[in-house]
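Report on the structure given below.
Coordinate-derived values only; no laboratory data. The model shown is predicted, which means the values in this text are computed figures rather than measured ones. Cβ atoms come from the backbone with ideal geometry, glycine included; neighbour counts cover every protein chain shown.
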Ligand code: CA
């Protein structure tokens, strides 16, 4: 899951980036409204965290532009404490939720999870594909009765596959969502991670869930 943070206060941006990365989200930070608009309109994100008061272009105007371009990515707006008008204007402009500064990081995380659930079909914090289960709050995976230990990146990969069950994902799409940099398609990093993940998920089970689609990418299958 990849998140765009549009925030000009460096301290807040850094705090958000670090905290979200610890939760295995890939994070990109834009530090003004223009940069934010470029990122939001040219790259794919699963969620945007948007500050309102930004240099060069304010958050409301950015939000209006992306919604006018039919970009439906969930937006969590950050507002100053007293600005009820901002909240109303933000929600009316297409924000999905807002959080008042200063906020507790735990609350931000809960709102992020709620918005990501809203975007997908799966409404539960527990994702299930066949006998594979993933607890997206505790970050624990289980196949049948067997607990699966995952590294941060493996967790991020598995969550992404489980939210896109039966959908073939190309290496490019996978790397865009899981790694926050322009991916060198000459490397086999994605394949290496997927091989590790696959052996953890499928080894010892007759039914193989994580399958290679030759020449295209990978798919997690529930049937
Ligand atoms: Ca600001």
### Task
Quick one: angle between helix 10-22 and the longest Cα principal axis of the chain, in degrees between 0 and 90, rounded to 10, please.
20
### Query
So which residue, out of 42, 172, 151, gets the largest mean-square fluctuation from a GNM of the chain using Cα contacts under 10 Å as springs?
42
### Task
Given the options 59, 90, 19, state which has the largest fluctuation in a GNM of the chain using a 10 Å cut-off (strictly under) for Cα springs.
19
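What does DSSP give for the chain in terms of the percent of beta bridges that are antiparallel, rounded to the nearest 5?
The antiparallel proportion sits near 50 percent.
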### Task
Could you work out how far helix 105-119 tilts from the main Cα principal axis of the chain, as a 0 to 90 degree angle to the nearest 10?
70
## Note on the structure
Counting only DSSP beta bridges fully inside the range 66-178, the antiparallel percentage to nearest 5 is 75
### Summary
Longest principal axis of the chain (C-alpha) makes with the long axis of helix 59-68 (C-alpha) an angle, in degrees to the nearest 10, of 60
### Task
Rank the residues 213, 189 as a footprinting-exposure proxy: fewest other Cβ atoms within 10 Å of their Cβ go first.
213, 189
### the range 125-154 residues near the modelled residue 221 label - backbone nitrogen below 15 Å, point 7 Å along Cα→Cβ
130-131
### Query
In what sequence do 22, 7, 65, 223 fall when counting other Cβ within 10 Å, fewest first?
223, 22, 65, 7
#### Entry: Calculated FRET value between residue 139 and residue 83, using beta carbons and R₀ = 30 Å, to 0.05
0.30
### Query
Efficiency by 1/(1 + (r/R0)^6): what FRET value for residue 56 and residue 147, r their Cβ-Cβ distance, R0 = 45 Å, to the nearest 0.05?
0.40
#### Entry: Length-normalised contact order for the chain - Cα pairs under 8 Å, 6+ apart - percent
16
### Query
In nm, to one decimal, how far is the modelled label at residue 187 from the one at residue 91, with both set 7 Å along Cα→Cβ?
4.3
### Task
Compute the separation of the alpha-carbon centres of the range 103-174 and the range 64-97 and state it in Å as a whole number.
26
### Task
Determine, from the Cβ-Cβ distance of residue 105 and residue 206 and an R0 of 30 Å, the FRET efficiency 1/(1 + (r/R0)^6), rounded to the nearest 0.05.
0.10
### Query
Highest GNM mean-square fluctuation, the chain, Cα pairs closer than 10 Å: which of 85, 51, 32?
85
### Query
Stretch residue 11-residue 213 to full length: gain in nm at 0.36 nm per residue minus the Cα-Cα span?
68.4 nm
### Query
For the pair residue 130 and residue 72, how long in nm is the line joining their label points, each one 7 Å along Cα→Cβ?
3.0
